[in-house]
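*Asks:* The structure under discussion is supplied below as structure tokens; questions concerning it will follow.
Every number here is computed from the coordinates shown, using simple stated rules; none is lab data. Just so it is clear, the structure is predicted and the values come from calculations on it, not from any experiment. All Cβ positions, even for glycine, are placed from backbone atoms using ideal geometry, and neighbour counts span all protein chains on display.
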Amino acid sequence: MRDIKLVSTTRLMKEIPEGEDFYYWLSRPVAERLQAVTLIVSQSLAPGQCLDKTAVSRRKLR
């Protein structure tokens, strides 16, 4: 029986080319991408705070 060795690479985010990161996320299932976005948003909000999803554009009429 052969042994399977774990191989991983650790790099700083700023060292990863933007295109490589983009293609990685395209290769992941939609559910996993959505979960990652939800995690990032939840980390940026204070406890009990909800994401404001409104988009308002106010223009002065002439």
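*Asks:* So how far apart, in nm, are the two label points at residue 51 and residue 14 if each is 7 Å from Cα heading toward Cβ?
*Replies:* So the label points at residue 51 and residue 14 sit 2.7 nm apart.
*Asks:* Per the helix-only calculation at 222 nm, which mean residue ellipticity applies to the chain, given -39500 (n - 2.57) for every DSSP H run of n ≥ 4 and division by its residues, nearest 500 deg cm²/dmol? Each step should come with its number before you reach the end.
*Replies:* Values: 2 runs with 25 residues, N = 62.
Mean residue ellipticity at 222 nm (helix-derived): -12500 deg cm²/dmol.
*Asks:* Using only Cα atoms, find the angle between the long axis of helix 18-27 and the longest principal axis of the chain, and express it within 0 to 90 degrees, rounded to the nearest 10.
*Replies:* Between helix and principal axis, roughly 80 degrees.
*Asks:* Still on this structure, please answer the following. Quick check: the angle from helix 30-44's long axis to the longest principal axis of the chain, C-alpha only, nearest 10 degrees?
*Replies:* Rounded to the nearest ten degrees, it is 60.
*Asks:* Shifting gears a bit: Looking at (1) 1.66; (2) 1.21; (3) 1.00, which value of Rg/Rh (Cα atoms, Kirkwood Rh) comes from a calculation on the structure shown?
*Replies:* The calculated read-out lines up with (2).
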